[in-house]
Amino acid sequence: MRDWDPERVAAAAGARLVQPGPGGAGGPARAVIDSRAVAHGDLFFGLRGGQVDGGRFAPAALAAGAWGVVVAPEHAEAARCAAPGVLLAAEDPTAALGRLARAHRRALGCAVIGVTGSTGKTSTKEILAAVLAPHRRTVAGRANFNTEIGVPLEILETGAGTEVLVLELAMRGVGQIGELAEICEPDVGVIVNVGPVHLELLGSLEAIAAAKSELTDALAPGATAVVPADEPLLAPHRRADLTTVTFGPGGDVTLARDAGDRVEVDAGGERMALEVSFRQSHQKRNLLAAVAAARAVGVSPAGRVDVRFSAGRGERIELARRVVVINDCYNANPMSMRAALDELAAQPVAGRRIAVLGDMLELGPDEARFHGEIGRHAADRGVDVLVAVGPLAAAMVAPFGASASAVPDADAAAALVAGLVRPGDTVLVKASRGVGLEVVAEALQGSVV
């Protein structure tokens, strides 16, 4: 946006230009929402928060060298004499941020791929970026920049010359994915899966499927929707005016050959040989979604696909005495718990398979049943020792059997597991983010020497 003058920025953001700034202001370098991070040339958005109205920091942002600020009208007036800079007034600065991002997305002219799902959307985004990178100038959104604030910031960070922009779209309720899709206007929409996440808020799997389908609802006629072949809950939301590509067993894009780190993907008869940096079966399923999306923007993947997944998402840590920690504690739900346990069962181990599993949050009135089913699944998959962390996870203990223990919190789990592990053991650590099980992985790294 460096070549956008204040009038163009104001029009794009739907804001009122209160003060045009000094002559020759040009355009802003980037958008920021933290006044403490403002650098010379930035455009500061003073967003209203639950505790603090960021518009109060407009004078500080201008004093730090901001190109300008977008704040509520009362804050724009108060900042008139603070320091030179462009003053833009908007009744809702968050909405103005989204409008400006949409205008910038249109000016970029690149293909945009939106990715959502109950689990695995971050990993799929990362795989897709790796698949595309050798063929197109690709930008992928950073981890957790997947909300009504994060998505616009990612779009506004994207520079000219980008050919494909891959964005993750998250939800906390009805209408939120639709809001994000309205901002980023995706050409391709990927729904990785539908599962029992946010049940406490949405109430049913059907409602979750409808919320995820807000992404495909927002696609323009002729665009491409990528969906799992084995998910009937998405069937009512299919559109005849879209190109729908299915992935997974029985779909349009399938895994034709799996030889560990060498796979062949079949996409409508086209065979693609890939060498991948991961072996987990659920990540290979995510790879199929990524290949489908890549083909939708004209890329036929080939060769090496090297992905470095975000921390805490299936990260394999090899310690002394042949102890292995699978750090998957970033988040959890029944789908991802089962997948993680399946991967633990598939690991060749010298010692025992230990699962440290914590509460899965936001599951609604059936939360006890979901946790009990995970305990049974862990037993069925040959886990030797289970440590259940938190009041909800305690429901895993009885279905698992005698080799299970329940502890109240992450600190208690860290103390227990550090003394439990023997040479050759493989330890899976997984829970919802709020449980904070990263302290268990950290304790093991410090204790196994």
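Taken together, the residues in the stretch 39-51 that are of a type outside the set (Gly, Ala, Ser) and at pLDDT 95 or above amount to 5. Does ALA404 count as closer than 30 Å to ASN144 by Cβ and of a type in the set (Gly, Ala, Ser)? No, not satisfied.
Can ALA293 be described as assigned by TED's automatic domain parsing to the domain that holds VAL131 and over 26 Å from ALA143 (Cα atoms)? Can you show your working first?
Numbers: assigned by TED's automatic domain parsing to the domain that holds VAL131: yes; over 26 Å from ALA143 (Cα atoms): no.
No, not satisfied.
The residue that is surrounded by the fewest Cβ atoms within 10 Å (Cβ to Cβ), counting only those in the stretch 183-208 that are part of a loop (DSSP other than H, G, I, E, B) and in contact with a Leu (Cβ under 7 Å, 6 or more places away or on another chain), is PRO196. Among the residues of the stretch 428-447, what is the count of those that are within 20 Å of ALA350 (Cβ to Cβ) and buried (at least 20 other Cβ atoms within 10 Å of the Cβ)? Count: 4. Scanning the stretch 212-261 for residues that are over 25 Å from VAL197 (Cβ atoms) and assigned to a loop (DSSP other than H, G, I, E, B) yields ALA220, PRO221, GLY222, ALA223, ALA240, ASP241, ASP252, GLY260, ASP261.
Do we have any residue at all in the stretch 121-143 that's of a type in the set (Ser, Thr, Tyr), without any contact (Cβ under 8 Å) to a residue 40 or more places away in the chain, closer than 29 Å to GLU275 by Cβ and assigned by TED's automatic domain parsing to the domain that holds SER300? Steps first, please.
Keep residues of the stretch 121-143 that are of a type in the set (Ser, Thr, Tyr), which gives 122-124, 138.
This time we only want the ones that are without any contact (Cβ under 8 Å) to a residue 40 or more places away in the chain, so: 138.
Pick out the ones that are also closer than 29 Å to GLU275 by Cβ and you get 138.
Next, from what is left, pick out any that are assigned by TED's automatic domain parsing to the domain that holds SER300: 138.
Yes, the stretch 121-143 has at least one match.
Being basic (Lys, Arg), in contact with a Cys (Cβ under 7 Å, 6 or more places away or on another chain) and more than 30 Å from GLN280 (Cα to Cα) is a condition met by no residue of the stretch 36-56.
When the residues of the stretch 290-348 are filtered to those that are at positive phi and part of a helix (DSSP H, G or I), the one that is modelled with the lowest pLDDT is ARG321. Residues of the stretch 41-60 that are under 30 Å from the mean Cα position of the chain (by Cα) and either touching a residue at least 24 places away in the same chain (Cβ under 8 Å) or part of a helix (DSSP H, G or I) (or both): GLY41, ASP42, LEU43, PHE44, PHE45, GLY46, LEU47, ARG48, GLY54, GLY55, PHE57.
Determine whether the stretch 277-294 contains at least one residue that is buried (at least 17 other Cβ atoms within 10 Å of the Cβ) and over 20 Å from the mean Cα position of the chain (by Cα). Show your work before the answer.
First pass over the stretch 277-294, keeping only residues buried (at least 17 other Cβ atoms within 10 Å of the Cβ): 278, 280, 282-294.
Still in the list and also over 20 Å from the mean Cα position of the chain (by Cα): none.
So far as the stretch 277-294 goes, no, none of its residues is buried (at least 17 other Cβ atoms within 10 Å of the Cβ) and over 20 Å from the mean Cα position of the chain (by Cα).
Filtered by the rule that a residue be buried (at least 17 other Cβ atoms within 10 Å of the Cβ) and either in contact with a Ser or Thr (Cβ under 6 Å, 6 or more places away or on another chain) or at positive phi (or both), the stretch 15-43 gives a lone residue, GLY21. Against the test of being over 30 Å from the mean Cα position of the chain (by Cα), buried (at least 16 other Cβ atoms within 10 Å of the Cβ) and charged (D, E, K, R), the options ASP425, ASP359, ASP409 yield a single qualifying residue, ASP425. Filtering the stretch 8-19 for residues that are assigned to a loop (DSSP other than H, G, I, E, B) and over 16 Å from LEU97 (Cβ atoms) leaves an empty set. Scanning the stretch 88-121 for residues that are in contact with a Phe, Trp or Tyr (Cβ under 8 Å, 6 or more places away or on another chain) and buried (at least 21 other Cβ atoms within 10 Å of the Cβ) turns up PRO93, ALA96, LEU97.
As for the stretch 97-116, it holds at least one residue that is hydroxyl-bearing (Ser, Thr, Tyr) and either at pLDDT below 95 or closer than 19 Å to ASN286 by Cβ (or both).
To keep it simple, each residue is scored yes or no on (1) assigned to a helix (DSSP H, G or I); (2) surrounded by fewer than 17 Cβ atoms within 10 Å (Cβ to Cβ); (3) out of contact with any Lys or Arg (no Cβ under 9 Å at 6 or more places or on another chain); (4) assigned by TED's automatic domain parsing to the domain that holds THR224.
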| residue | (1), (2), (3), (4) |
| --- | --- |
| ILE155 | yes, no, no, yes |
| ALA160 | no, yes, yes, yes |
| ARG172 | no, yes, yes, yes |
| ALA181 | yes, no, yes, yes |
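Scanning the stretch 15-30 turns up at least one residue that is over 21 Å from VAL151 (Cα atoms), in contact with a Pro (Cβ under 9 Å, 6 or more places away or on another chain), among the β-branched types (Val, Ile, Thr) and not assigned by TED's automatic domain parsing to the domain that holds ILE155. List the residue pairs whose Cβ atoms are under 8 Å apart, where the first residue sits in the stretch 78-90 and is free of Cβ contacts under 8 Å to residues at least 24 places away in the same chain and assigned to a loop (DSSP other than H, G, I, E, B), the second is surrounded by fewer than 23 Cβ atoms within 10 Å (Cβ to Cβ) and not hydrophobic (A, V, I, L, M, F, W, C), and the two are 6 or more positions apart or on different chains. Matching pairs, first to second residue: ALA79/PRO59. Between VAL139, VAL86, the distinction of being among the aliphatic types (A, V, I, L, M) and under 30 Å from ALA332 (Cα atoms) belongs to VAL139 only.
Only one of the numbered conditions (1) assigned to a loop (DSSP other than H, G, I, E, B); (2) in contact (Cβ under 8 Å) with a residue 40 or more places away in the chain; (3) over 18 Å from VAL307 (Cβ atoms) is violated by ARG106, and that is (1).
The values are calculated or read from the model by the stated rules, or taken from the named source; none is laboratory data. From a predicted model like this one, the values you see are computed outputs, not experimental measurements. Glycine gets a Cβ as well: all are built from the backbone with ideal geometry, and neighbour counts include every protein chain shown.
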